[in-house]
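A short write-up of the structure that comes next.
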Amino acid sequence: MKDKIVLITGGSRGIGKAVAETLATAGALVVITARTQNELDQTAKEIRAKNGRVLALAADVTDYDQLLELKQTVHQQLGKLDIAVINAGVIEPVNPGWKCDARTWQKNIDINLSGAFLTTHVALNDMVEKGSGTIIFISSGAASHPVAGWSAYCAAKAGVDHLNRTLAHELSQADLDIKTYSVYPGIVSTAMQEVIRTKTREEFPSVERFRGYYENDMLRSPQDPANLILWLCKTNPDHLNGQVVSIDEDSIRTQMAKDLGIEKPQSR
Ligand code: NAP
């Protein structure tokens, strides 16, 4: 990972923060982005305290102009991107489709799907110029299983998985050495899960199950998906190009632990 330039959206907290810390520790130059500058600054301070190299630049992934400005700053200060971890995301609205706020639904797609594409577009141009690169999307079980109360999130994540497949297909047809993966991170202890647990049963019929995951210590640490992403960045596996790569798959956890020389993450 030495000197690889990596963009991580939603890098201020949760899974994105763990990815930024992990890749910086492995020698990468990480660029973290999110909307809230003070949260980004705090994360950057923690990374620098461990001798990591990091740029913390605020941008909203729904605003293409802000993303282009961010890219210009990255070019001036570091160079062209090698890797992008497309992680920024929101869960709201949580309510059945006929009850939820339609504009919040649209905003969810703007962030989770259109925002994922806009960031990918910015990063891909760098990778095409460099002749190589890696794009990693963050998927969810909600991409393939309907979850009552989460129609926007489910639709957006299904879109992200198919964007991943389609891009991998386009890139390999064009003979470009750029790999794309969609990572399923498990159910992870982050602010997003805190929001989910505040919902009523009417808004989210499965809320008690999710409260149970927390009460019974069944949530994954953000470090597990961060290690999976480090493994993908380091090994760029051909056979997983364009695929959904799940932390819940035993063979994936076994291989990543072996290659990284770490303890195998538990099944959950
Ligand atoms: P989180 O702790 O709430 O972090 C979300 C990150 O995204 C924050 O940095 C947030 O910062 C940023 N963000 C949100 N909207 C943004 C926007 N418009 N522009 C730029 N940044 C934005 O959530 P998390 O659980 O770590 O989630 C990270 C990813 O994992 C998401 O894609 C999520 O869908 C996925 N995921 C999570 C779980 C889980 O169990 N936690 C499971 C499956 C998938 P600002 O609010 O400051 O912008």
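Taking only the C-alpha atoms of the stretch 52-114, Rg followed by Dmax gives 15.5, 47 Å.
Averaging the sequence gap over all C-alpha pairs within less than 8 Å and six or more residues apart, then dividing by the number of residues, gives the stretch 18-102 a relative contact order of 23 percent.
Rounded to the nearest 20, the Cβ-based charge dipole of the stretch 148-198 about its Cα centre (Lys and Arg +1, Asp and Glu -1) stands at 240 debye. Using a simple spin-label model with pseudo-atoms 7 Å out from Cα toward Cβ, Lys2 and Ser251 lie 3.3 nm apart. Charge dipole of the stretch 165-227 (Cα centre as origin; +1 on each Lys and Arg Cβ, -1 on each Asp and Glu Cβ, all else neutral): 180 debye, rounded to the nearest 20.
P(r) tail for the stretch 118-159: Cα pairs beyond 14 Å make up 56% of the total. Computed over the Cα atoms of the stretch 162-258, pair by distinct pair, the Kirkwood hydrodynamic radius stands at 15.3 angstrom.
Can you tell me the FRET efficiency between Asp63 and Ala148 if r is taken as the Cβ-Cβ distance and R0 is 25 Å, rounded to the nearest 0.05? With a Förster radius of 25 Å, E is 0.20. Each principal axis of the Cα cloud of the chain was taken in turn, and the coordinate range along them, longest first, works out to 50, 42, 42 Å. If you wrap the tightest convex hull around every Cα atom of the stretch 1-71 and split its volume per residue, you get 69 Å³. Rounded to the nearest Hz, the phi-derived 3J(HN,Hα) couplings of the stretch 190-197 under the Karplus curve 6.51 cos²θ - 1.76 cosθ + 1.60 (θ = phi - 60°) are 9, 4, 4, 5, 4, 4, 4, 5, where x marks glycine and proline.
Over all pairs of different C-alpha atoms, the stretch 80-171 has a mean inverse distance whose reciprocal, the Kirkwood radius, equals 13.8 Å. Rg/Rh, computed from the Cα trace of the stretch 10-128 with Rh as the Kirkwood radius, has the value 1.01. Relative contact order (percent) for the chain, with alpha-carbon contacts under 8 angstrom and 6 or more residues of separation? Relative contact order here is 18 percent.
Values quoted throughout were computed directly from the atomic coordinates according to the rules given, and no laboratory measurement underlies them. Because the structure is predicted, anything quoted here is derived from the model rather than measured. All Cβ positions, even for glycine, are placed from backbone atoms using ideal geometry, and neighbour counts span all protein chains on display.
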